[in-house]
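A short write-up of the structure that comes next.
Every number in this text was worked out from the coordinates using simple rules, so none of it is lab data. Predicted model, so just to flag it, every value in this text is computed and none were measured. Every residue, glycine as well, gets a Cβ built from its backbone with ideal geometry; the counts of neighbours run over all protein chains shown.
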Amino acid sequence: MLELRPNCEICDCDLPPEAEARICTYECTYCVTCARDVLLGVCANCGGNLVPRPIRPAHSWRPGTGLENHPPGTKRRYNRYTAEERADLSNRLKDVPPQDR
Ligand SMILES: [Zn+2]
Ligand SMILES: [Zn+2]
C-alpha cells in the first residue's frame, strides 16, 4: 500500500493526504514546488520521474478502505543528499525520458 508521507523531504513542508504532492515509484515524496523547481522532475534518490500522488478517500466507501482504515504515515523523511548532489543528478537526467534512464 502506498505510504502517504507527511512532509516534503526537501523543504519539510506539510503534505497531508489531501495536499497536492509528487511521488516516485519508491514513494519518495515532494511538494509541487520542490518537484518542479528544485528537482526538475527528477527524484533525488532514484532518478525516476515524479507524478501526482493520488488522494486516498477520507471515507470508507468499501469495507477496509479509505483514511479511516489506512491513515497517513507520521514518520517525517529528510533527503540525505546535498543541494549540489541533487542538482547534479537532476541536470543529468531532466531531459532523458524516464523509460530511458
Ligand atoms: Zn518541498
Ligand atoms: Zn525515488
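Take the Cα of T65, step 7 Å toward its Cβ, do the same at D88, and the gap between the two points is 4.5 nm. Using C-alpha pairs below 8 Å separated by at least 6 residues, the relative contact order for segment 39-98 is 47 percent.
What does the convex hull of the alpha-carbon atoms of segment 19-62 project to on average, in nm²? Its average projected convex-hull area is 3.3 nm².
Positive-end ranking of Q99, N69, T82 along the dipole of the chain, with charges on Cβ about the Cα centre, is headed by N69.
Between the Cα long axis of helix 83-93 and the first principal axis of the chain there is an angle of about 80°, rounded to the nearest 10. With no solvent and one point on each alpha carbon, what is the Debye value of log10 I(q)/I(0) for the chain at q = 0.13, 0.14, 0.17, 0.18 Å⁻¹? One equal scatterer on each Cα of the chain leads to -0.46, -0.53, -0.73, -0.80.
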